[in-house]
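This report concerns only the one structure given below.
The values are calculated or read from the model by the stated rules, or taken from the named source; none is laboratory data. Computed from a predicted structure; not experimentally measured. Please note: Cβ atoms are built from the backbone with ideal geometry, for glycine as well, and neighbour counts cover all protein chains shown. Ligands, DNA and RNA are stripped out before the accessible areas are found, and what is left, the full protein with its side chains, is counted by its heavy atoms. Shrake-Rupley method; radii C 1.70, N 1.55, O 1.52, S 1.80 Å.
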Amino acid sequence: MFHNRRTVFLFICSIVFLQALYYIITLQIKKNQTISSYELTSDIGKISVHNSTILQEEKQSSPISSTSIQTKQPSFARASYAISINLTRPDPNIYNSYPICNFSISNNDSSLYKVTVDKTIYSFDIIEEHHKDIDSGGHWFPKTCRTEQRLALIICYRNREFHLKLFLDNIHSFLQKQQLDYTIFVVNQHGQEQFNRAALFNVGFIEAMKLYSFDCFIFHDVDLLPEDLRNVYKCGDKPRHMSVAVDKFNYKLLYSTLFGGVTAFSLSDITGANGYPTVYWGWGGEDDDMYLRVTKKLKKSITRYPIEIARYKMIRTYNHTSGKANPHRHDILYSKYDYNQDGINTTRYNLHELVFYKLFTLINVTLTEESFEQISARLNIKKRKPIKKTKALSRKE
């Protein structure tokens with residue numbers, strides 16, 4: 001009797017298990033089908049994309065067209081894009097009749113300029129709804145006055161979509177309140193090579209200049225958001241360190257020669273410095289190198305807005321971890337190598353896509369990593385000898 005009941009019980013369990021397994025497999029198949037078939041919208045019309053993100057070629061002529069290679073492009077689900085863009089301003093005769101844009105920062109009531117950072121993460125299509133009047137490629141300019149500069153805002157990027165969404169939703173409103181003619185470029189490093197922040201900035205500069213006659217360049221980390229509208233995103237006659245006071249560091253400047261986070265360069269200054277260095281793979285070194293390029297190659301000092309104005313909030317969540325510190329960064333930094341031998345003129349990359357999303361222009365590239373031995377040979381850098389410890393120092397340790 002007992003044996004028969006156990007047999008029946010096992011038989012029933014087997015049937016339940018098979019039904020559950022069938023349900024799980026069916027659900028997974030449906031889920032995959034949903035992921036692999038979705039729609040992206042563009043300024044030209046809706047385009048159905050199935051199992052890939054290949055951009056279709058536009059049949060009519062246009063000033064600038066998107067390029068694409070399958071499997072290289074990062075996926076920005078629910079983000080619309082255009083086949084082509086036109087970054088030109090309106091008819092010059094009409095545009096030149098407009099008054100010059102004048103965003104005043106002289107009001108004594110500083111509370112008028114305070115920016116509340118929105119920390120809500122929306123999908124790309126919702127963010128686009130927040131900023132409907134942006135032109136494709138992340139381009140915007142005021143329609144009732146004329147600007148004196150054309151700003152390219154360049155972001156280095158890899159696998160930080162949450163940060164990017166927060167950044168785009170906040171920065172577009174910020175820049176428009178300052179009445180700027182701007183375009184946002186996101187330079188994505190594809191591949192498994194160590195991250196090279198500075199080289200990506202150079203790529204952004206090179207590709208941006210192919211599209212538009214920019215004359216101001218702001219190089220921006222994706223996790224920093226400005227908190228004061230008086231921190232105007234314009235370029236002056238000297239390079240400017242924008243992110244002076246960051247909340248992570250209690251709104252204090254860590255050291256006097258700090259030149260990282262957000263920096264602004266005029267066209268003549270960024271070319272005069274030969275851009276950013278390309279030799280720092282991994283974390284650290286490139287900001288201090290850029291400071292030396294400004295002071296030693298350009299023979300200029302850097303400028304900063306007051307610390308109560310140049311305030312930023314750092315996005316410190318969403319599982320991002322910094323790359324490994326470059327063990328050779330100090331060997332390179334203090335080698336006094338010739339800045340003419342490394343920079344914009346030696347930036348090498350493979351361009352995979354140039355995609356004009358509604359909120360930004362994606363520049364997707366692969367960089368070829370150099371070993372320290374290759375860098376040393378190219379720039380004639382000798383590895384520094386380790387510092388010998390004195391007896392007094394040893395006793396203190």
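For R293, the requirement of being basic (K, R), open to solvent by less than 10 Å² (accessible area, probe 1.4 Å), on the phi < 0 side of the Ramachandran plot and modelled with pLDDT of 95 or more is met. Considering only residues of region 304-355 that are basic (K, R), more than 18 Å from Q189 (Cα to Cα) and in a loop (DSSP other than H, G, I, E, B), which is farthest from the chain's Cα centre (by Cα)? Here the residue is K336. Looking across region 112-126, the residues that are touching a helix residue (DSSP H, G or I) at 6+ places or on another chain (Cβ under 7 Å) and β-branched (V, I, T) come down to V115, V117, I121. Filtering region 278-290 to residues that are at pLDDT below 95 and open to solvent by 30 Å² or more (accessible area, probe 1.4 Å) leaves only W283.
Going through (1) more than 26 Å from T366 (Cβ to Cβ); (2) among the aliphatic types (A, V, I, L, M); (3) within 9 Å of the chain's Cα centre (by Cα) one by one, I154 falls short only on (1).
So which residues in region 95-123 are of a type in the set (A, V, I, L, M, F, W, C), surrounded by 10 or more Cβ atoms within 10 Å (Cβ to Cβ) and outside any loop (DSSP other than H, G, I, E, B)? It would help to see each step written out before you state the result.
We begin by selecting, within region 95-123, every residue of a type in the set (A, V, I, L, M, F, W, C); these are 100-101, 103, 105, 112, 115, 117, 121.
Those still in the list that are surrounded by 10 or more Cβ atoms within 10 Å (Cβ to Cβ) too: 101, 103, 105, 112, 115, 117, 121.
Passing the criteria: only L112.
Within region 124-161, the set of residues being in a loop (DSSP other than H, G, I, E, B) and either among the β-branched types (V, I, T) or open to solvent by 30 Å² or more (accessible area, probe 1.4 Å) (or both) comprises K132, D133, I134, K143, T144, T147, E148, Q149, R158, N159, R160. Of all residues in region 198-216, those that are in a helix (DSSP H, G or I) and more than 24 Å from D288 (Cα to Cα) total 5. Out of all the residues in region 312-367, which are farther than 25 Å from L254 by Cα, out of contact with any strand residue (DSSP E or B) (no Cβ under 6 Å at 6 or more places or on another chain) and either open to solvent by 40 Å² or more (accessible area, probe 1.4 Å) or without any contact (Cβ under 8 Å) to a residue 60 or more places away in the chain (or both)? Those that are farther than 25 Å from L254 by Cα, out of contact with any strand residue (DSSP E or B) (no Cβ under 6 Å at 6 or more places or on another chain) and either open to solvent by 40 Å² or more (accessible area, probe 1.4 Å) or without any contact (Cβ under 8 Å) to a residue 60 or more places away in the chain (or both): Y337, D338, N340, Q341, N345, R348. Got at least one residue in region 184-191 being more than 19 Å from K358 (Cβ to Cβ), in a helix (DSSP H, G or I) and touching a residue at least 60 places away in the same chain (Cβ under 8 Å)? No, that holds for no residue. Here region 225-277 is the region considered, the condition is being open to solvent by less than 30 Å² (accessible area, probe 1.4 Å) and among the hydroxyl-bearing types (S, T, Y), and the residue that is farthest from Y305 (Cα to Cα) is Y276. Among residues of region 279-305 that are among the basic types (K, R), those with a beta-carbon under 6 Å from a residue that is part of a strand (DSSP E or B) at least six positions away or on a different chain give the pairs R304/H241.
The residue list Y255, Y276 contains one member that is more than 21 Å from the chain's Cα centre (by Cα), assigned to a loop (DSSP other than H, G, I, E, B) and either farther than 23 Å from S111 by Cβ or of a type in the set (D, E) (or both), which is Y255. Selection of region 174-212 for residues being in contact with a helix residue (DSSP H, G or I) (Cβ under 9 Å, 6 or more places away or on another chain) and more than 15 Å from E286 (Cβ to Cβ) yields Y182, T183, I184, F185, V186, N188, I206, M209.
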